[in-house]
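Reading through the structure tokens given below for one structure.
The values are calculated or read from the model by the stated rules, or taken from the named source; none is laboratory data. Everything numeric in this text was worked out from a predicted model, so none of it was measured. Cβ: placed from backbone, ideal geometry, glycine included. Neighbour counts: every protein chain shown. Ligands, DNA and RNA are stripped out before the accessible areas are found, and what is left, the full protein with its side chains, is counted by its heavy atoms. Shrake-Rupley method; radii C 1.70, N 1.55, O 1.52, S 1.80 Å.
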Amino acid sequence: MIEAPTRPRVALFVTCLVDAMRPSIGFATLRALESAGCEVVVPPAQTCCGQPALNSGDRADAEAIARATIALLEPHDYVVIPSGSCAATVRVHYPEILEHDPLWGPRAAAVAAKTWEVLAFLNDVRGWRPQGVALPATATYHDSCSGLRELGIKAQPRRLLGAVEGLSLVDLAGAETCCGFGGTFCAKYPAISNAITGEKARAIEDSGAQLLLAGDLGCLMNMAGKLHRDGGTARAFHTIEILAGMGDGPAIGEDA
């Protein structure tokens with residue numbers, strides 16, 4: 001566990017998808033962070049992190065968004081994001097795209113150093129475990145690409161979920177394989193995306209799990225949609241919803 005302030009001031013960067021499609025993830029993140037002893041602030045001026053622009057090759061707009069976001073997040077002890085892909089944009093890619101800028105490069109690096117994906121933050125920084133959370137169910141876990149490959153998030157969610165009373169984790173074949181979402185990839189190459197997602201959906205059903213868990217809403221929406229279209233029975237939740245004791249609500253796709 002990393003040494004941290006006793007009661008750190010944490011900026012919760014909600015993300016576009018969570019704000020628009022699944023606000024309960026934001027509330028679950030808030031609940032867990034407060035349980036972990038943090039003072040949580042949701043900066044009202046936050047916007048998109050710039051990932052779609054960056055992935056589409058719009059470097060100028062990506063840099064402009066990065067500068068605005070860095071200025072917004074600088075005053076806080078930590079920045080916590082319930083998304084591996086958005087967290088990786090701030091932590092990994094902001095310093096890369098602003099490296100040439102003598103003013104903003106160091107500022108990007110400073111913000112990147114205190115930016116965490118929520119599951120890694122709770123486990124690695126706060127040493128937190130959910131208390132009094134029970135969910136008698138079987139679940140399987142998908143390792144989203146950005147969280148796994150750019151941030152090294154693998155063991156943390158499984159350790160946290162291991163503290164949920166009654167929850168049994170079963171292995172997912174190809175857990176580290178892309179789900180086919182890939183941000184703008186699924187829109188640019190829908191046939192390839194659908195084929196990849198179909199393989200993932202079959203693996204989820206073959207696991208026999210009642211719940212599908214992951215750390216990125218985009219991936220979860222993609223897989224949940226395919227499961228629904230193909231008649232699958234697994235219900236999808238963001239991992240933080242389970243850890244915050246909100247696993248008895250509507251699953252992703254059921255509250256649309």
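Multiplying the residue separation of residue 134 and residue 9 by 0.36 nm and subtracting their alpha-carbon distance yields 42.1 nm.
Computed from backbone phi, the HN-Hα couplings of the range 138-151 come to 9, 9, 10, 10, 9, 8, 5, 4, 5, x, 6, 8, 9, 10 Hz, rounded to whole numbers (Karplus: 6.51 cos²θ - 1.76 cosθ + 1.60, θ = phi - 60°; Gly and Pro given as x).
In whole percent, what relative contact order does the range 148-246 give with Cα contacts below 8 Å and a gap of six or more residues?
Details: 97 pairs, mean separation 26.4, N = 99.
Relative contact order comes out at 27 percent.
The distance separating the Cα centre of the range 211-256 from that of the range 30-88 comes to 23 Å. Looking at the range 196-256, the GluC sites (Glu not before Pro) that sit in a DSSP loop and have at most 13 other Cβ atoms within 10 Å of their own Cβ are 254.
Gain on full extension, evaluated as 0.36 nm per residue between residue 155 and residue 19 minus their Cα-Cα distance, stands at 46.3 nm. Mean residue ellipticity, 222 nm, helices only, the chain: the sum of -39500 (n - 2.57) across DSSP H runs of n ≥ 4, divided by residue count and rounded to 500, is -11500 deg cm²/dmol.
For the range 234-241, 3J(HN,Hα) computed residue by residue from phi via the Karplus equation (6.51, -1.76, 1.60; θ = phi - 60°) reads 5, 9, 9, 9, 6, 4, 5, 5 Hz, glycine and proline entered as x. The 3J(HN,Hα) values that the Karplus relation (6.51, -1.76, 1.60; θ = phi - 60°) gives for the range 67-73 are, in residue order, 4, 5, 5, 4, 4, 5, 9 Hz. Gly and Pro appear as x. The alpha carbon radius of gyration of the chain, expressed as a multiple of 2.2 N^0.38 Å, is 0.98.
Using the alpha-carbon positions of the range 63-127, Rg (one decimal) and Dmax (whole number) come out as 11.5, 36 Å.
In the elastic network of the chain, a GNM with C-alpha springs shorter than 10 Å, the most mobile of 50, 231, 215 is 231. Pairs of Cα atoms nearer than 8 Å and 6+ residues apart set the relative contact order; for the range 44-100 it is 37 percent. Fully extending the segment from residue 39 to residue 202 would add 54.5 nm, taking 0.36 nm per residue of separation and subtracting the current Cα-Cα distance. In whole percent, how big is the carbon plus sulfur part of the accessible area of the chain, probe 1.4 Å, protein atoms only? Here it works out to 55 percent. Computed over the range 133-234, the range of Cα coordinates on each principal axis works out to 41, 33, 20 Å, biggest value leading.
Tilt of helix 190-207 relative to the longest C-alpha principal axis of the chain, in degrees (0 to 90, nearest 10)? With rounding to tens, the tilt is 60 degrees.
Seen against the Cα atoms of the chain and their longest principal axis, helix 217-229 is set at about 20 degrees. Taking 28 Å as the limit for the C-alpha separation, the pairs 154/226; 114/226; 114/154 exceed it in the case of 114/226.
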